[in-house]
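Asks: This is the structure, below, for whatever I ask next.
The values are calculated or read from the model by the stated rules, or taken from the named source; none is laboratory data. Because the structure is predicted, anything quoted here is derived from the model rather than measured. Don't worry about glycine lacking a Cβ; one is built from the backbone with ideal geometry, like all the others, and counts go over all protein chains shown. When the accessible area is computed, the model is the full protein with side chains, heavy atoms only, and any ligands, DNA or RNA have been set aside. Shrake-Rupley method; radii C 1.70, N 1.55, O 1.52, S 1.80 Å.
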Amino acid sequence: MAVQGPIKVTCADLFPHGLGVVGAVTPSDDFDASTKERRVQARDKDSGLPLWQVDVMDFDPEARERTFRVKIAAAVQPVPPSAIEGAPVRPVVLEGLTVTPWLDDRGPRPKIAYSLKATGLAAPRRGVVDAGKAA
């Protein structure tokens with residue numbers, strides 16, 4: 001069986017220990033259309049919506065890679081959840097999350113890499129169990 005295109009996943013399945021926003025949400029540049037003088041915001045190939053980007057951190061203490069850049073396809077700039085007093089990062093749930101594998105051949109040995117794309121950001125809800133994991 002061949003899997004084509006993005007794979008839909010839940011944020012809880014991909015990041016069971018949680019996830020936090022560690023940067024600002026910014027427009028994602030379309031490097032092909034942009035010039036030095038004029039930046040052009042990238043658009044999602046499927047929906048045509050503007051693409052935004054944000055850096056997030058995996059809360060899993062055993063994770064090999066801790067930070068990721070996530071693209072967000074949304075008509076308006078997504079707003080991260082409110083900050084929690086005393087916490088260095090803002091916990092977040094990525095809505096409409098997809099994972100797209102790709103071949104990273106920029107180094108001496110090619111490896112499989114993954115790009116993450118979401119449709120929105122939300123605050124985690126306390127006490128909610130993912131229906132797919134309920135026993």
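Asks: Non-local amide H neighbours of S115 (under 5 Å, H modeled in plane, Pro and chain starts lacking H): which ones?
Replies: T100, W102
Asks: Might you tell me the accessible area per residue for the chain, computed with a 1.4 Å probe and given in Å²?
Replies: Roughly 72 Å² per residue, with all protein chains present.
Asks: Ok, one more. What spacing in nm lies between the two simple spin-label points modelled at I84 and K111, each 7 Å away from Cα in the Cβ direction?
Replies: Using points 7 Å along Cα→Cβ, the separation is 3.0 nm.
Asks: Calculate how large, on average over all directions, the projected area of the Cα convex hull of the chain is; give the answer in nm² to one decimal.
Replies: In nm², the orientation-averaged hull projection of the chain is 11.7.
Asks: If I build a Gaussian network model for the chain, linking alpha-carbon pairs within less than 10 angstrom, which residue out of P61, P88, P27 has the largest mean-square fluctuation?
Replies: So, out of P61, P88, P27, the one fluctuating most is P61.
Asks: Among the trypsin sites (Lys or Arg not before Pro) in region 69-129, which ones are in a DSSP loop with at most 16 other Cβ atoms within 10 Å of the Cβ? Mind listing them?
Replies: Passing sites in region 69-129 are R106, R125, R126.
Asks: Show which lysines lie in cross-link reach of K45 when reach means a straight Cα distance below 22 angstrom and same-chain residues fewer than eight apart are skipped.
Replies: Those lysines meeting the cut-off are K8, K71, K117.
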